[in-house]
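Student: Once you've had a glance at the structure underneath, I'll fire off some questions.
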Amino acid sequence: SNSFNINDPFQFEPELNEDDRMVMETARDYAQSKLEPRALKGNQEEYFDQDIATEMGDLGLLGSYLPPEYGGVDASQTAYGLIAREVERVDSGYRSFMSVQSSLVMYPIFKFGTEQQKERFLPKLATGELIGCFGLTEPDHGSDPGSMSTTAVKTDEGWILNGAKMWITNSPIADIGVVWAKAKEHKEDDGVIRGFLVEKNMEGYSAPSTKHKMSLRASETGEMIFEDVFIPEENVFPDITGLKGPFTCLNSARYGIAWGTVGAAEFCYQKAREYVLDRSQFGYPIGANQLPQTKLANMLTDITQMQLLAWRLGKLKDEGRDHHSMVSMAKRNNCGKALEIARIARDMHGANGITGEYRVIHHVMNLESVNTYEGTYDIHGLILGREITDIQAFVPRG
Ligand code: TGC
Ligand code: FAD
(Lines give C-alpha, C1' and ligand atoms only; values in the text may rest on other atoms or scores of the structure.)
(Ligands and ions follow the chains in the order given, each with its own letter.)
Protein backbone atom coordinates (compact mmCIF):
# COMPACT_ATOMS: atom_id res chain seq x y z
CA SER A 1 0.00 0.00 0.00
CA ASN A 2 1.07 3.61 -0.43
CA SER A 3 3.01 5.14 2.43
CA PHE A 4 3.92 8.58 3.75
CA ASN A 5 7.63 9.07 4.45
CA ILE A 6 7.99 11.75 7.15
CA ASN A 7 11.41 12.69 5.79
CA ASP A 8 10.57 12.63 2.08
CA PRO A 9 6.79 12.94 1.72
CA PHE A 10 6.72 13.58 -2.02
CA GLN A 11 9.28 10.84 -2.65
CA PHE A 12 12.09 12.55 -4.51
CA GLU A 13 14.78 10.17 -3.25
CA PRO A 14 13.23 7.10 -4.94
CA GLU A 15 13.34 9.08 -8.20
CA LEU A 16 17.15 9.36 -8.10
CA ASN A 17 19.04 7.23 -10.56
CA GLU A 18 21.57 4.64 -9.42
CA ASP A 19 24.63 6.86 -10.01
CA ASP A 20 23.20 9.83 -8.11
CA ARG A 21 22.10 7.59 -5.26
CA MET A 22 25.60 6.13 -4.95
CA VAL A 23 27.13 9.59 -4.73
CA MET A 24 24.54 10.57 -2.12
CA GLU A 25 25.28 7.50 -0.04
CA THR A 26 29.04 8.04 -0.24
CA ALA A 27 28.63 11.65 0.85
CA ARG A 28 26.17 10.75 3.62
CA ASP A 29 28.39 8.04 5.00
CA TYR A 30 31.44 10.32 4.94
CA ALA A 31 29.58 13.29 6.45
CA GLN A 32 28.07 11.27 9.27
CA SER A 33 31.17 9.23 10.13
CA LYS A 34 33.96 11.78 9.56
CA LEU A 35 32.47 15.28 9.66
CA GLU A 36 29.81 14.99 12.35
CA PRO A 37 32.38 14.04 15.05
CA ARG A 38 34.43 17.18 14.21
CA ALA A 39 31.60 19.68 13.92
CA LEU A 40 31.23 20.70 17.55
CA LYS A 41 34.97 21.27 18.04
CA GLY A 42 35.15 23.08 14.70
CA ASN A 43 32.42 25.42 15.81
CA GLN A 44 33.52 25.96 19.38
CA GLU A 45 37.22 26.35 18.62
CA GLU A 46 36.87 28.16 15.28
CA TYR A 47 38.80 25.39 13.64
CA PHE A 48 38.84 24.01 10.09
CA ASP A 49 40.65 20.68 9.89
CA GLN A 50 42.51 20.79 6.58
CA ASP A 51 42.52 16.98 6.34
CA ILE A 52 38.90 17.44 5.27
CA ALA A 53 40.17 18.68 1.90
CA THR A 54 42.12 15.53 1.06
CA GLU A 55 39.46 13.24 2.54
CA MET A 56 36.80 14.82 0.33
CA GLY A 57 39.21 14.69 -2.59
CA ASP A 58 39.80 10.95 -2.09
CA LEU A 59 36.07 10.32 -2.33
CA GLY A 60 35.60 12.40 -5.50
CA LEU A 61 33.54 15.04 -3.68
CA LEU A 62 35.54 18.03 -5.00
CA GLY A 63 34.71 19.34 -8.46
CA SER A 64 32.60 16.22 -8.85
CA TYR A 65 30.89 17.31 -12.06
CA LEU A 66 34.14 17.95 -13.92
CA PRO A 67 35.38 15.35 -16.41
CA PRO A 68 37.87 12.76 -15.09
CA GLU A 69 40.81 14.19 -17.09
CA TYR A 70 40.54 17.28 -14.86
CA GLY A 71 40.03 15.38 -11.63
CA GLY A 72 36.24 15.19 -11.53
CA VAL A 73 34.08 12.08 -11.58
CA ASP A 74 31.62 13.24 -14.27
CA ALA A 75 28.89 13.44 -11.63
CA SER A 76 25.54 14.95 -12.57
CA GLN A 77 24.39 18.33 -11.27
CA THR A 78 21.88 16.44 -9.15
CA ALA A 79 24.71 14.46 -7.57
CA TYR A 80 26.66 17.65 -6.88
CA GLY A 81 23.60 19.03 -5.08
CA LEU A 82 23.17 15.84 -3.08
CA ILE A 83 26.79 16.14 -1.86
CA ALA A 84 26.06 19.68 -0.67
CA ARG A 85 22.93 18.45 1.13
CA GLU A 86 24.83 15.76 3.04
CA VAL A 87 27.74 17.99 3.98
CA GLU A 88 25.53 20.87 5.11
CA ARG A 89 23.38 18.49 7.16
CA VAL A 90 26.47 18.52 9.39
CA ASP A 91 27.78 22.08 9.03
CA SER A 92 27.31 24.87 6.50
CA GLY A 93 30.99 25.74 7.00
CA TYR A 94 32.15 22.38 5.65
CA ARG A 95 29.74 22.81 2.74
CA SER A 96 31.20 26.29 2.15
CA PHE A 97 34.63 24.75 1.78
CA MET A 98 33.30 22.22 -0.74
CA SER A 99 31.25 24.82 -2.67
CA VAL A 100 34.10 27.27 -3.02
CA GLN A 101 36.61 24.64 -4.07
CA SER A 102 34.21 23.05 -6.58
CA SER A 103 31.99 25.81 -7.99
CA LEU A 104 34.04 28.93 -7.43
CA VAL A 105 37.59 27.72 -8.10
CA MET A 106 37.63 24.48 -10.11
CA TYR A 107 34.62 25.38 -12.26
CA PRO A 108 35.93 28.78 -13.47
CA ILE A 109 39.36 27.33 -14.19
CA PHE A 110 37.66 24.55 -16.14
CA LYS A 111 35.29 26.92 -17.94
CA PHE A 112 37.51 29.96 -18.52
CA GLY A 113 41.09 28.75 -18.00
CA THR A 114 43.77 27.95 -20.57
CA GLU A 115 44.77 24.33 -21.11
CA GLN A 116 47.95 25.03 -19.15
CA GLN A 117 45.98 26.50 -16.19
CA LYS A 118 43.65 23.49 -16.18
CA GLU A 119 46.48 20.97 -16.22
CA ARG A 120 48.46 22.83 -13.62
CA PHE A 121 45.71 23.38 -11.05
CA LEU A 122 42.64 21.17 -11.53
CA PRO A 123 44.00 17.70 -10.64
CA LYS A 124 45.54 18.99 -7.41
CA LEU A 125 42.44 20.96 -6.47
CA ALA A 126 40.40 17.79 -7.04
CA THR A 127 42.52 15.76 -4.61
CA GLY A 128 42.46 18.56 -2.03
CA GLU A 129 46.26 18.89 -2.25
CA LEU A 130 45.66 22.51 -3.24
CA ILE A 131 43.01 24.70 -1.63
CA GLY A 132 41.32 27.53 -3.51
CA CYS A 133 39.34 30.67 -2.77
CA PHE A 134 37.22 33.15 -4.75
CA GLY A 135 37.65 36.89 -4.34
CA LEU A 136 34.77 39.04 -5.54
CA THR A 137 33.44 40.94 -2.48
CA GLU A 138 35.36 44.00 -1.25
CA PRO A 139 35.10 46.01 1.97
CA ASP A 140 33.04 48.69 0.17
CA HIS A 141 31.36 46.56 -2.53
CA GLY A 142 29.26 43.55 -1.52
CA SER A 143 25.86 43.34 -3.22
CA ASP A 144 27.14 45.59 -5.98
CA PRO A 145 30.34 43.88 -7.14
CA GLY A 146 30.21 45.71 -10.48
CA SER A 147 31.48 48.81 -8.64
CA MET A 148 34.61 47.01 -7.37
CA SER A 149 37.75 49.06 -6.89
CA THR A 150 40.47 46.38 -7.11
CA THR A 151 42.46 47.02 -10.27
CA ALA A 152 44.96 45.21 -12.46
CA VAL A 153 47.02 47.50 -14.68
CA LYS A 154 48.74 46.10 -17.76
CA THR A 155 52.52 46.13 -18.03
CA ASP A 156 54.80 44.69 -20.69
CA GLU A 157 55.18 41.35 -18.86
CA GLY A 158 51.80 40.97 -17.16
CA TRP A 159 49.56 42.84 -14.71
CA ILE A 160 49.95 44.74 -11.43
CA LEU A 161 47.16 44.03 -8.95
CA ASN A 162 46.14 46.49 -6.21
CA GLY A 163 43.18 46.49 -3.83
CA ALA A 164 41.52 44.26 -1.26
CA LYS A 165 38.86 41.57 -1.02
CA MET A 166 36.98 40.81 2.18
CA TRP A 167 34.85 37.98 3.62
CA ILE A 168 36.63 35.42 1.49
CA THR A 169 35.96 31.77 2.41
CA ASN A 170 39.21 29.71 2.61
CA SER A 171 41.48 32.70 1.87
CA PRO A 172 43.85 32.24 4.86
CA ILE A 173 44.51 28.60 3.91
CA ALA A 174 44.29 28.93 0.14
CA ASP A 175 47.14 28.11 -2.24
CA ILE A 176 45.38 29.80 -5.12
CA GLY A 177 42.69 32.46 -5.46
CA VAL A 178 40.40 33.27 -8.37
CA VAL A 179 40.31 37.05 -8.08
CA TRP A 180 38.08 39.40 -10.05
CA ALA A 181 39.50 42.85 -10.75
CA LYS A 182 39.03 45.76 -13.15
CA ALA A 183 41.65 45.15 -15.82
CA LYS A 184 43.02 48.39 -17.26
CA GLU A 185 45.21 48.71 -20.32
CA HIS A 186 46.58 51.91 -18.74
CA LYS A 187 45.95 53.80 -15.48
CA GLU A 188 43.21 56.12 -16.82
CA ASP A 189 41.31 53.32 -18.54
CA ASP A 190 37.85 52.56 -16.94
CA GLY A 191 38.69 48.89 -16.97
CA VAL A 192 36.72 45.73 -17.55
CA ILE A 193 36.28 42.91 -15.04
CA ARG A 194 38.61 39.96 -15.61
CA GLY A 195 39.71 36.92 -13.62
CA PHE A 196 43.25 36.50 -12.20
CA LEU A 197 44.84 33.48 -10.54
CA VAL A 198 46.70 34.70 -7.47
CA GLU A 199 49.12 32.29 -5.82
CA LYS A 200 49.88 32.26 -2.12
CA ASN A 201 53.57 33.14 -2.32
CA MET A 202 53.28 36.04 -4.74
CA GLU A 203 55.06 39.12 -3.49
CA GLY A 204 52.77 41.82 -2.10
CA TYR A 205 49.91 39.39 -1.42
CA SER A 206 48.58 38.57 2.07
CA ALA A 207 45.42 36.86 3.35
CA PRO A 208 44.79 37.61 7.05
CA SER A 209 42.15 35.55 8.82
CA THR A 210 38.90 37.12 10.06
CA LYS A 211 38.55 35.79 13.60
CA HIS A 212 35.74 35.82 16.18
CA LYS A 213 32.89 35.29 13.77
CA MET A 214 29.72 34.05 15.47
CA SER A 215 28.65 32.17 12.34
CA LEU A 216 30.37 29.61 10.08
CA ARG A 217 33.03 29.22 12.72
CA ALA A 218 34.26 25.88 11.33
CA SER A 219 35.06 27.64 8.05
CA GLU A 220 38.10 29.83 7.47
CA THR A 221 37.23 33.35 6.31
CA GLY A 222 39.68 36.12 5.55
CA GLU A 223 40.79 39.07 3.49
CA MET A 224 42.91 39.16 0.36
CA ILE A 225 45.21 42.18 0.21
CA PHE A 226 47.10 43.08 -2.96
CA GLU A 227 49.94 45.58 -2.87
CA ASP A 228 51.50 45.81 -6.32
CA VAL A 229 51.18 42.07 -6.86
CA PHE A 230 52.67 41.06 -10.20
CA ILE A 231 50.44 38.60 -12.10
CA PRO A 232 52.04 36.96 -15.14
CA GLU A 233 49.90 36.73 -18.27
CA GLU A 234 49.78 32.93 -17.85
CA ASN A 235 47.71 33.44 -14.65
CA VAL A 236 44.93 35.41 -16.36
CA PHE A 237 41.73 33.95 -17.82
CA PRO A 238 42.20 34.74 -21.49
CA ASP A 239 38.74 35.51 -22.84
CA ILE A 240 36.03 36.06 -20.26
CA THR A 241 35.26 39.71 -19.43
CA GLY A 242 32.55 41.46 -17.40
CA LEU A 243 30.38 40.36 -14.49
CA LYS A 244 29.29 37.34 -16.49
CA GLY A 245 32.58 35.67 -15.43
CA PRO A 246 31.97 35.67 -11.66
CA PHE A 247 28.21 35.23 -12.05
CA THR A 248 28.66 32.05 -14.08
CA CYS A 249 30.50 30.57 -11.09
CA LEU A 250 27.92 31.94 -8.66
CA ASN A 251 25.09 30.22 -10.54
CA SER A 252 26.74 26.90 -9.74
CA ALA A 253 27.54 27.71 -6.11
CA ARG A 254 24.08 29.19 -5.44
CA TYR A 255 22.50 26.04 -6.84
CA GLY A 256 24.63 23.98 -4.43
CA ILE A 257 23.47 26.17 -1.55
CA ALA A 258 19.84 25.55 -2.50
CA TRP A 259 20.55 21.85 -1.87
CA GLY A 260 22.85 22.36 1.11
CA THR A 261 20.21 24.23 3.08
CA VAL A 262 17.83 21.29 2.56
CA GLY A 263 20.27 19.20 4.61
CA ALA A 264 20.54 21.77 7.40
CA ALA A 265 16.75 22.16 7.58
CA GLU A 266 16.17 18.39 7.59
CA PHE A 267 18.61 18.04 10.49
CA CYS A 268 16.82 20.71 12.53
CA TYR A 269 13.34 19.31 11.81
CA GLN A 270 14.38 15.75 12.68
CA LYS A 271 16.03 16.88 15.91
CA ALA A 272 12.97 18.94 16.90
CA ARG A 273 10.71 15.95 16.27
CA GLU A 274 12.88 13.64 18.38
CA TYR A 275 13.08 16.21 21.13
CA VAL A 276 9.37 16.90 21.51
CA LEU A 277 8.62 13.18 21.49
CA ASP A 278 11.28 12.42 24.13
CA ARG A 279 10.67 15.29 26.50
CA SER A 280 7.59 15.51 28.67
CA GLN A 281 6.12 18.51 30.49
CA PHE A 282 2.79 18.69 32.34
CA GLY A 283 2.78 14.89 32.33
CA TYR A 284 2.76 14.42 28.54
CA PRO A 285 5.28 14.52 25.71
CA ILE A 286 5.60 18.08 24.42
CA GLY A 287 4.84 16.63 20.98
CA ALA A 288 1.33 15.72 22.14
CA ASN A 289 0.41 19.41 22.06
CA GLN A 290 -1.11 21.23 19.13
CA LEU A 291 1.50 23.98 18.76
CA PRO A 292 4.55 21.69 18.42
CA GLN A 293 2.61 19.49 16.02
CA THR A 294 1.70 22.32 13.68
CA LYS A 295 5.26 23.64 13.89
CA LEU A 296 6.49 20.24 12.70
CA ALA A 297 3.81 20.21 10.00
CA ASN A 298 4.93 23.62 8.76
CA MET A 299 8.59 22.56 8.81
CA LEU A 300 7.92 19.42 6.83
CA THR A 301 5.79 21.28 4.30
CA ASP A 302 8.54 23.86 3.79
CA ILE A 303 11.23 21.17 3.58
CA THR A 304 9.20 19.32 0.97
CA GLN A 305 9.00 22.48 -1.14
CA MET A 306 12.74 23.01 -0.69
CA GLN A 307 13.51 19.42 -1.71
CA LEU A 308 11.33 19.61 -4.79
CA LEU A 309 12.70 22.98 -5.93
CA ALA A 310 16.30 21.81 -5.57
CA TRP A 311 15.62 18.43 -7.18
CA ARG A 312 13.74 19.94 -10.13
CA LEU A 313 16.44 22.57 -10.64
CA GLY A 314 19.06 19.83 -10.65
CA LYS A 315 17.15 17.98 -13.35
CA LEU A 316 16.81 21.16 -15.42
CA LYS A 317 20.53 21.79 -15.04
CA ASP A 318 21.32 18.22 -16.07
CA GLU A 319 19.19 18.78 -19.16
CA GLY A 320 20.72 22.23 -19.82
CA ARG A 321 17.36 23.96 -19.36
CA ASP A 322 18.16 26.10 -16.30
CA HIS A 323 18.02 29.88 -16.08
CA HIS A 324 19.87 31.93 -13.47
CA SER A 325 16.61 33.37 -12.12
CA MET A 326 15.53 29.82 -11.23
CA VAL A 327 18.73 29.61 -9.21
CA SER A 328 17.92 32.91 -7.48
CA MET A 329 14.47 31.63 -6.57
CA ALA A 330 15.78 28.35 -5.16
CA LYS A 331 18.71 29.95 -3.30
CA ARG A 332 16.50 32.62 -1.77
CA ASN A 333 13.60 30.38 -0.83
CA ASN A 334 15.71 27.58 0.58
CA CYS A 335 18.01 29.81 2.63
CA GLY A 336 15.11 31.80 4.05
CA LYS A 337 13.09 28.70 4.91
CA ALA A 338 16.07 26.82 6.38
CA LEU A 339 16.85 29.75 8.65
CA GLU A 340 13.23 29.97 9.82
CA ILE A 341 13.07 26.21 10.44
CA ALA A 342 16.35 26.27 12.39
CA ARG A 343 15.14 29.15 14.58
CA ILE A 344 11.85 27.37 15.37
CA ALA A 345 13.67 24.09 16.07
CA ARG A 346 15.92 25.98 18.44
CA ASP A 347 12.91 27.31 20.31
CA MET A 348 11.35 23.84 20.54
CA HIS A 349 14.48 22.58 22.33
CA GLY A 350 14.01 25.07 25.16
CA ALA A 351 17.20 25.71 27.11
CA ASN A 352 18.88 22.68 25.57
CA GLY A 353 18.48 24.45 22.27
CA ILE A 354 21.16 26.96 23.15
CA THR A 355 23.82 24.32 23.81
CA GLY A 356 26.42 23.09 21.36
CA GLU A 357 25.54 19.51 22.17
CA TYR A 358 22.18 19.57 20.39
CA ARG A 359 23.74 21.47 17.45
CA VAL A 360 20.55 23.29 16.48
CA ILE A 361 21.70 26.79 17.39
CA HIS A 362 24.89 25.96 15.50
CA HIS A 363 22.75 25.69 12.31
CA VAL A 364 20.83 28.87 13.17
CA MET A 365 24.06 30.83 13.42
CA ASN A 366 25.53 29.29 10.25
CA LEU A 367 22.41 29.88 8.19
CA GLU A 368 22.55 33.61 8.96
CA SER A 369 25.70 33.72 6.79
CA VAL A 370 24.26 31.41 4.16
CA ASN A 371 21.22 33.68 3.82
CA THR A 372 23.62 36.62 3.26
CA TYR A 373 26.39 35.30 1.09
CA GLU A 374 26.19 34.55 -2.64
CA GLY A 375 23.57 37.30 -2.94
CA THR A 376 21.43 38.22 0.08
CA TYR A 377 17.80 37.15 0.48
CA ASP A 378 16.61 40.61 -0.59
CA ILE A 379 19.01 40.90 -3.53
CA HIS A 380 17.68 37.64 -4.95
CA GLY A 381 14.18 39.06 -4.41
CA LEU A 382 15.21 42.06 -6.51
CA ILE A 383 16.73 39.85 -9.19
CA LEU A 384 13.39 38.02 -9.41
CA GLY A 385 11.46 41.30 -9.24
CA ARG A 386 13.44 42.58 -12.22
CA GLU A 387 12.76 39.38 -14.10
CA ILE A 388 9.02 39.64 -13.40
CA THR A 389 8.56 43.36 -14.13
CA ASP A 390 11.50 44.14 -16.41
CA ILE A 391 12.24 47.12 -14.15
CA GLN A 392 15.42 47.13 -12.06
CA ALA A 393 14.92 48.28 -8.46
CA PHE A 394 18.53 48.01 -7.23
CA VAL A 395 19.10 51.73 -7.72
CA PRO A 396 16.47 54.20 -6.45
CA ARG A 397 15.07 56.65 -8.98
CA GLY A 398 13.63 60.11 -8.65
P1 TGC B 1 23.58 43.10 -14.28
O2 TGC B 1 23.35 44.27 -15.19
O3 TGC B 1 22.42 42.38 -13.72
O4 TGC B 1 24.51 42.04 -15.02
C5 TGC B 1 25.79 42.39 -15.54
C6 TGC B 1 26.18 41.31 -16.54
O7 TGC B 1 26.23 40.03 -15.90
C8 TGC B 1 25.26 39.15 -16.49
N9 TGC B 1 24.63 38.39 -15.40
C10 TGC B 1 24.72 37.06 -15.30
N11 TGC B 1 25.33 36.15 -16.06
C12 TGC B 1 25.25 34.86 -15.67
N13 TGC B 1 24.61 34.50 -14.55
C14 TGC B 1 23.99 35.38 -13.75
N15 TGC B 1 23.39 34.99 -12.62
C16 TGC B 1 24.02 36.75 -14.11
N17 TGC B 1 23.54 37.89 -13.57
C18 TGC B 1 23.91 38.87 -14.37
C19 TGC B 1 24.27 40.04 -17.18
O20 TGC B 1 23.63 39.37 -18.23
C21 TGC B 1 25.16 41.16 -17.66
O22 TGC B 1 25.86 40.71 -18.80
P23 TGC B 1 26.15 41.71 -20.03
O24 TGC B 1 26.84 40.84 -21.02
O25 TGC B 1 24.81 42.21 -20.45
O26 TGC B 1 27.02 42.78 -19.44
O27 TGC B 1 24.53 43.61 -13.14
P28 TGC B 1 24.25 44.51 -11.90
O29 TGC B 1 25.51 45.24 -11.62
O30 TGC B 1 22.98 45.29 -12.09
O31 TGC B 1 24.05 43.35 -10.83
C32 TGC B 1 23.19 43.44 -9.82
C33 TGC B 1 23.04 42.10 -9.06
C34 TGC B 1 22.31 42.39 -7.80
C35 TGC B 1 22.25 41.13 -9.90
C36 TGC B 1 24.37 41.41 -8.76
O37 TGC B 1 25.38 42.29 -8.63
C38 TGC B 1 24.36 40.39 -7.63
O39 TGC B 1 23.99 39.23 -7.84
N40 TGC B 1 24.83 40.76 -6.42
C41 TGC B 1 25.08 39.81 -5.36
C42 TGC B 1 26.57 39.67 -5.16
C43 TGC B 1 27.00 38.28 -4.86
O44 TGC B 1 26.27 37.30 -5.04
N45 TGC B 1 28.21 38.12 -4.37
C46 TGC B 1 28.71 36.82 -4.08
C47 TGC B 1 30.16 36.84 -3.67
S48 TGC B 1 30.88 35.21 -3.60
C49 TGC B 1 30.31 34.54 -2.19
O50 TGC B 1 29.51 35.05 -1.48
C51 TGC B 1 30.85 33.21 -1.88
S52 TGC B 1 30.34 32.54 -0.37
C53 TGC B 1 30.72 30.95 -0.73
C54 TGC B 1 30.68 30.00 0.42
O55 TGC B 1 31.39 30.20 1.41
O56 TGC B 1 29.93 28.97 0.25
P1 FAD C 1 25.65 44.88 1.61
O2 FAD C 1 25.68 44.75 0.13
O3 FAD C 1 26.26 46.09 2.20
O4 FAD C 1 24.13 44.76 2.08
C5 FAD C 1 23.69 45.09 3.41
C6 FAD C 1 22.16 44.95 3.46
O7 FAD C 1 21.58 45.86 2.52
C8 FAD C 1 21.66 43.55 3.05
O9 FAD C 1 20.53 43.23 3.82
C10 FAD C 1 21.25 43.72 1.59
O11 FAD C 1 20.21 42.82 1.22
C12 FAD C 1 20.74 45.17 1.61
N13 FAD C 1 20.86 45.81 0.29
C14 FAD C 1 22.00 46.06 -0.42
N15 FAD C 1 21.69 46.67 -1.57
C16 FAD C 1 20.35 46.82 -1.61
C17 FAD C 1 19.43 47.37 -2.54
N18 FAD C 1 19.83 47.89 -3.71
N19 FAD C 1 18.12 47.35 -2.25
C20 FAD C 1 17.68 46.80 -1.08
N21 FAD C 1 18.49 46.26 -0.15
C22 FAD C 1 19.81 46.26 -0.42
N23 FAD C 1 32.39 36.94 -0.95
C24 FAD C 1 33.29 36.49 -1.88
O25 FAD C 1 33.56 37.15 -2.87
N26 FAD C 1 33.90 35.28 -1.71
C27 FAD C 1 33.67 34.48 -0.64
O28 FAD C 1 34.24 33.39 -0.55
C29 FAD C 1 32.75 34.93 0.37
N30 FAD C 1 32.56 34.20 1.50
C31 FAD C 1 31.78 34.72 2.51
C32 FAD C 1 31.72 34.05 3.73
C33 FAD C 1 30.98 34.57 4.79
C34 FAD C 1 30.96 33.87 6.12
C35 FAD C 1 30.23 35.76 4.59
C36 FAD C 1 29.38 36.32 5.70
C37 FAD C 1 30.30 36.44 3.39
C38 FAD C 1 31.08 35.95 2.33
N39 FAD C 1 31.24 36.64 1.13
C40 FAD C 1 32.11 36.19 0.17
C41 FAD C 1 30.63 37.97 0.97
C42 FAD C 1 29.16 37.96 0.61
O43 FAD C 1 28.96 37.56 -0.72
C44 FAD C 1 28.60 39.36 0.88
O45 FAD C 1 28.57 39.52 2.28
C46 FAD C 1 27.22 39.56 0.29
O47 FAD C 1 27.26 39.57 -1.12
C48 FAD C 1 26.54 40.86 0.80
O49 FAD C 1 27.41 41.94 0.71
P50 FAD C 1 27.67 42.90 1.98
O51 FAD C 1 27.99 42.04 3.14
O52 FAD C 1 28.63 43.94 1.56
O53 FAD C 1 26.26 43.57 2.29
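The values are calculated or read from the model by the stated rules, or taken from the named source; none is laboratory data. A quick note: this is a predicted structure, and the numbers were derived from the prediction, not measured. So basically every Cβ, Gly included, is an ideal-geometry build from the backbone, and we count neighbours across all protein chains shown. Just the protein is used for accessible areas: all its heavy atoms, side chains included, with ligands, DNA and RNA removed. Shrake-Rupley method; radii C 1.70, N 1.55, O 1.52, S 1.80 Å.
Student: Across every pair of different alpha-carbon atoms, what Kirkwood hydrodynamic radius in Å does the stretch 348-398 reach?
Tutor: 13.5
Student: Which residue, Cys249, Gly158, Ala264, has the largest displacement toward the positive end of the dipole of the stretch 117-272 when charges sit on each Cβ (Lys, Arg +1; Asp, Glu -1)?
Tutor: Ala264
Student: Still on this structure: Starting at the first residue of the stretch 336-351, write each ³J(HN,Hα) from the Karplus equation 6.51 cos²θ - 1.76 cosθ + 1.60 with θ = phi - 60°, in whole Hz, x for Gly and Pro.
Tutor: Per-residue couplings from phi come out as x, 5, 4, 5, 5, 5, 5, 5, 5, 5, 4, 4, 5, 8, x, 4 Hz.
Student: Per residue of the chain, what 222 nm ellipticity follows from adding -39500 (n - 2.57) for every DSSP H run with n ≥ 4, rounded to the nearest 500?
Tutor: -15500 deg cm²/dmol
Student: Another one. Below 8 Å between Cα atoms, with a sequence gap of 6+, how large is the relative contact order for the stretch 284-398 in percent?
Tutor: Worked out over the stretch 284-398, it gives 22 percent.
Student: In square angstrom, rounded to the nearest 10, how much accessible surface does Met22 have for a 1.4 Å probe?
Tutor: 110
Student: Over the stretch 135-257, what is the relative contact order in whole percent, taking alpha-carbon pairs under 8 Å and six or more residues apart?
Tutor: Here the relative contact order equals 28 percent.
Student: Stokes-Einstein at 4 °C, 1.567 mPa s, Kirkwood radius from Cα pairs: D for the chain in µm² s⁻¹?
Tutor: Taking Rh from Cα pairs, D becomes 60 µm²/s.
Student: With every protein chain left in place, what is the accessible area of Ile379 in Å² (1.4 Å probe, nearest 10)?
Tutor: Rounded to the nearest 10, that gives 30 Å².
Student: Suppose every Lys and Arg Cβ carries +1 and every Asp and Glu Cβ carries -1, with no other charges. What dipole size does the chain come out with about its Cα centre, to the nearest 20 debye?
Tutor: I would put it at about 1360 debye.
Student: Quick one: accessible area per residue over the chain, 1.4 Å probe, rounded to a whole number of Å²?
Tutor: 45
Student: Please list His363, His324, His141 from largest to smallest accessible area, probe radius 1.4 Å, with all protein chains kept in place.
Tutor: His324, His141, His363
Student: Using a 10 angstrom cutoff on alpha carbons, build the Gaussian network for the chain and name the most mobile of Pro108, Pro14, Pro67.
Tutor: It is Pro14.
Student: Any idea what the relative contact order of the chain is, in percent, if you count C-alpha pairs under 8 Å spaced at least 6 apart?
Tutor: Answer for the chain is 17 percent.
Student: Near the amide H of Thr150, under 5 Å away, which other amide H atoms are found, from residues 5 or more places off or on another chain, if H is placed in the peptide plane?
Tutor: The list, which skips near neighbours in sequence, is Ala164, Lys182.
Student: Also: With unit charges on the beta carbons (Lys and Arg positive, Asp and Glu negative) and the dipole taken about the Cα centre of the chain, which residue among Ser147, Met326, Leu122 sits farthest to the positive side?
Tutor: Value computed over the given set: Met326.
Student: Considering only protein heavy atoms and a probe of 1.4 Å, how much of the accessible area of the stretch 1-118 is carbon and sulfur, as a whole percent?
Tutor: Its accessible area is 46 percent carbon and sulfur atoms.
Student: May I ask you to give the percent of accessible area on the stretch 165-262 that is carbon plus sulfur, with a probe radius of 1.4 Å?
Tutor: The computed percentage sits at 50.
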